[in-house]
Amino acid sequence: MSDLCRLYLITPERIDQPAPFAVLLRAALDGGDVAVLQLRLKDVDDDHVARVADTLRPICQQRGVAFVMNDRPDLALKLDCDGVHVGQEDAPYADARKLLGPDRIVGVTCKDSRHLAMDAAEAGADYVAFGAFFPSTTKSVTTPASLDLLAWWSEIMTVPCVAIGGITVDNAAPLVAAGADFLAVAGGVWNHPEGPADAVRRFDALFANAGD
């Protein structure tokens, strides 16, 4: 694993037409290094999730980007995703791991909790996600997380940590400096005024400068 922080992209909550979004995704992934794309759709049926996944998954996997399903280990398995991200209100980590086996990614939301993160890491999670660090347009922030949490984790644990919540190019630098291994970004890429590809390039430059 690179010592540099890397980008963990999250899709918009609505993708009504997969084909036009696929154009945006290709541009974003071709803009620079992206480690993961998480498919996070809300208020749609499983058939729609499957249609979107079947369009986006090959784009990611052809570029070496892990394709991760949000919330649903069953769909992650059925749709041949590289893994799943589960929240505290979703399927328990143990159930997700049992279903997906040892070789697929299982990441766990831990909000601002050191205890939840330690439990997830000890159970075998591939990463833990902390946040939200900033106000988010996609989720209401009930548990603001602090930079101290990232610094503490990076000092004592080898399991990677993901920072999430309202992250943009303009506010990301302190998270990188504090020790985040990945930044999970949605609107900060898709809604960037110069377009997704430019946003990815800017994040990459930020990570590279932090590593100097």
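Selection of first residues in region 52-75 that are within 19 Å of Lys42 (Cβ to Cβ) and acidic (Asp, Glu) and of second residues that are surrounded by fewer than 21 Cβ atoms within 10 Å (Cβ to Cβ) and modelled with pLDDT under 95, restricted to Cβ pairs under 7 Å at least 6 apart or on distinct chains, gives the following pairs, ordered by first then second residue: Asp71/Gly87; Asp71/Asp90. Scanning region 170-191 for residues that are surrounded by fewer than 20 Cβ atoms within 10 Å (Cβ to Cβ), under 19 Å from Pro12 (Cβ atoms) and not aromatic (Phe, Trp, Tyr) turns up Gly187, Asn191. Looking across region 166-212, the residues that are in a helix (DSSP H, G or I), aliphatic (A, V, I, L, M) and under 21 Å from Phe67 (Cβ atoms) come down to Val189, Ala197, Ala199, Val200. Restricting Val68, Val108, Val84, Val52 to residues that are within 26 Å of Ala145 (Cα to Cα), touching a Pro at 6+ places or on another chain (Cβ under 7 Å) and among the hydrophobic types (A, V, I, L, M, F, W, C) narrows the list to Val84. Taking the conditions exactly as written (in contact (Cβ under 8 Å) with a residue 12 or more places away in the chain, part of a strand (DSSP E or B) and under 20 Å from Arg14 (Cα atoms)), does Ala163 satisfy them or not? When the stated conditions are applied, Ala163 does not pass them.
One residue alone among Ala125, Ala129, Ala120 is part of a strand (DSSP E or B) and either within 19 Å of Ala184 (Cα to Cα) or modelled with pLDDT of 95 or more (or both), and that residue is Ala129.
Look through Asp43, Asp33 and report the one residue that is surrounded by 14 or more Cβ atoms within 10 Å (Cβ to Cβ) and in a loop (DSSP other than H, G, I, E, B).
Details: Asp43 fails: surrounded by 14 or more Cβ atoms within 10 Å (Cβ to Cβ).
The conditions single out Asp33.
The values are calculated or read from the model by the stated rules, or taken from the named source; none is laboratory data. Just so it is clear, the model here is predicted, and its values are computed rather than measured. Don't worry about glycine lacking a Cβ; one is built from the backbone with ideal geometry, like all the others, and counts go over all protein chains shown.
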